[in-house]
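Asker: There's a structure below that I have some questions on.
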Amino acid sequence: MADFEITEEVTEGDVRVFRVAGDVDFGVAPQLKRRITSRIEAGDRQLVVDLSAAGFVDSTAIGVLVGALRRLIDQGGSLAVVCDNGNIRNIFETVGLENVIPLHSSYDDALAGLAPAA
């Protein structure tokens, strides 16, 4: 299993960016969920999850992203995911979520794709 790491930063426009590296599976998905949930509870409404350095994403991790998206929408926020890996994108498509979770091929596209803060 590849080493898993999450780093966070905040852009000038108050967008919280989570950069995820390594394999995101059922073993580490709870850690990702805790980090994202704590930021939403703290008031962050614009989130980008950058999966550019992820080697693998399983359905548990996708479930974390769906849950985050629902919470953000309920609170007037939005989520964008950077996914430039064709294999990971195929996982989203296989479970039918490529049109539910906004997937972007670059970080800049993800930032541009966020809905304006409510």
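The values are calculated or read from the model by the stated rules, or taken from the named source; none is laboratory data. On a predicted model such as this, the values are computed, not experimentally measured, just so you know. All Cβ positions, even for glycine, are placed from backbone atoms using ideal geometry, and neighbour counts span all protein chains on display. Note: areas computed on protein heavy atoms with side chains; ligands, DNA, RNA excluded. Shrake-Rupley method; radii C 1.70, N 1.55, O 1.52, S 1.80 Å.
Asker: Take the solvent-accessible surface of the protein heavy atoms, probe 1.4 Å, and return the percent of it on region 44-85 that carbon and sulfur atoms account for.
Answerer: The C+S portion of the solvent-accessible surface of region 44-85 is 49 percent.
Asker: Of the GluC sites (Glu not before Pro) in region 1-46, which ones lie in a loop per DSSP and count no more than 16 other C-beta atoms within 10 Å?
Answerer: Those that pass, being in a loop and sparsely packed, are GLU12.
Asker: Which percent, to the nearest 5, of DSSP beta bridges fully inside the chain are antiparallel? Before the final figure, lay out each step's value.
Answerer: Values: 6 of 21 bridges.
Bridges in the chain that DSSP calls antiparallel: roughly 30 percent.
Asker: Name the residues whose placed amide hydrogens come within less than 5 Å of the amide hydrogen of ALA54, ignoring near sequence neighbours (fewer than 5 apart) on the same chain.
Answerer: Those lying under 5 Å, H to H, from ALA54 are GLY22.
Asker: Could you work out how far apart the two model spin labels at THR37 and PHE56 are, taking each label as a point 7 Å from the Cα in the direction of the beta carbon, and quote it in nm?
Answerer: 2.5 nm
Asker: Same structure, new question: Excluding ligands, DNA and RNA, what is the solvent-accessible area per residue of the chain at a probe of 1.4 Å, expressed in Å²?
Answerer: With the other protein chains kept in place, the chain gives 50 Å² per residue.
Asker: What's the local net charge at CYS83, with K and R +1, D and E -1, over the other residues with C-beta under 13 Å away?
Answerer: Surrounding charge for CYS83 is -3.
Asker: Short version: ³J(HN,Hα) in whole Hz for each residue of region 73-89, in order, from phi by Karplus 6.51 cos²θ - 1.76 cosθ + 1.60 (θ = phi - 60°), x for Gly and Pro, what are they?
Answerer: Listing the rounded values in order: 4, 4, 10, x, x, 8, 10, 10, 10, 8, 9, 9, 9, x, 5, 5, 4 Hz.
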